[in-house]
Amino acid sequence: MDKQKVQASHSREEILTHYKEKGFAVIPNALSQEELDYLNKLVEASLQQNPELWHQPQDGAVGTVGLLEMHPLEMDRFIRHPVTFPFVQEVLLGEARFAQFDFRDVTAERASSSEMRFHRDISYYGTIGGKIYDPENPYISTYTCVIYYLSDVHDCCPAFCLVPNSHTYESLDEAKTKLGEAYEEIPIRGKAGTAVLYNITTYHTRKGGTVDCTHGRRTMHNYHSRASSYPLTNWATVPEVLALSDDHETRLFYSQWTPNQIKFARDNYTRPVPAYYPVQSIK
Ligand SMILES: O=C(O)CCC(=O)C(=O)O
Ligand SMILES: [Fe+2]
């Protein structure tokens, strides 16, 4: 494929059509080299200086939500990134709300044991019978996530992998049977800076790397909810400077508070929690 073709196949329209048809889209070069250098330095410093902020390996990956708390304004620029956020808004019908933001790191040593099971990311309401996708949204999604590769993902590396159009099925086996010939597992490989935007109820996994992988994989994960969706998690928290920002757009974007966020704000913010949150009843 010549260069022009590659670029042409990633036009805004083609990205959105791909998402509509398959439940995900790849956005190459979403992050610049400068942004990658900044984020990788930040992650390396955090791993060294604040190991307590990182959880123990889960399926081979350590992870942290701590960088948002430490660098709220800087991270907000990635959370509402000029390249990807317009796509997020489009697939969420202009209703995007912050849901979750974290970094993960798989070392080269753990690459081959970092495989996850195929799964869907489902909100609490989804687990008690709520619809896990929106049949009236041409882009399917009630939530969407962007995974950014912060390191090159080669054939040997752990790779994010999806089954297109699998969001309506109760299990991966059902997806296999009903999709038949159309069933495929697509591992995403690409340069550092590649972003994958996906409907979170499309079956997906992290494929493990090979035993001789010398790279591992580093990622930034950013989940978005919709104004009309229930909060995705019951634990994500947002720093005061964003959640109580004087800027209306910012405050609105960070307004989908989880129960834990209400508690966090009550116990840590300098300003009072807005009265419309059930601050008294949260233990
Ligand atoms: O790290 C990956 O490639 C996938 C992560 C994922 O699906 C999850 O944490 O729910
Ligand atoms: Fe997932």
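Bear in mind that the values in this text are calculations on the coordinates, not laboratory data. A quick note: this is a predicted structure, and the numbers were derived from the prediction, not measured. Glycine gets a Cβ as well: all are built from the backbone with ideal geometry, and neighbour counts include every protein chain shown.
Hey, got a sec? Which GluC sites (Glu not before Pro) in the stretch 121-177 land in a DSSP loop and have at most 15 other Cβ atoms within 10 Å?
GLU136, GLU170
With labels modelled as points extended 7 Å from the Cα through the Cβ direction, what inter-label distance (nm, one decimal) is found for VAL279 paired with THR214?
Distance between the two pseudo-spin positions: 5.6 nm.
Could you tell me which of rounded, prolate or oblate describes the stretch 3-236, using a ≥ b ≥ c as the square roots of the eigenvalues of the alpha-carbon gyration tensor, with rounded for a/c under 1.5 and, failing that, prolate when a/b is larger than b/c and oblate otherwise?
Verdict is rounded for the stretch 3-236.
Per DSSP helix of 4 or more residues, -39500 (n - 2.57); summed, then divided by the residues of the chain. What does that give at 222 nm, rounded to the nearest 500?
-8000 deg cm²/dmol
Please give the residues of the stretch 58-91, grouped as numeric ranges, whose backbone N is less than 20 Å from a label point set 7 Å along the Cα-to-Cβ vector of GLU249.
Backbone N within reach: 72-91.
Note down the relative contact order for the stretch 88-142 as a percent, whole number, built from C-alpha pairs under 8 angstrom at least six residues apart.
37 percent
Pairs LYS22/LYS178; LYS178/LYS207; LYS20/LYS191; LYS176/LYS207; LYS20/LYS41: which exceed 26 Å Cα-Cα?
Long pairs (Cα-Cα over 26 Å): LYS20/LYS41.
Could you grab the relative contact order for the chain? Cα pairs under 8 Å, six or more apart, rounded to a whole percent.
Value for the chain: 26 percent.
How much length is gained on full extension from SER171 to GLU240, taking 0.36 nm per residue of separation minus their Cα-Cα distance?
That pair, SER171 and GLU240, stretches by 20.9 nm at full extension.
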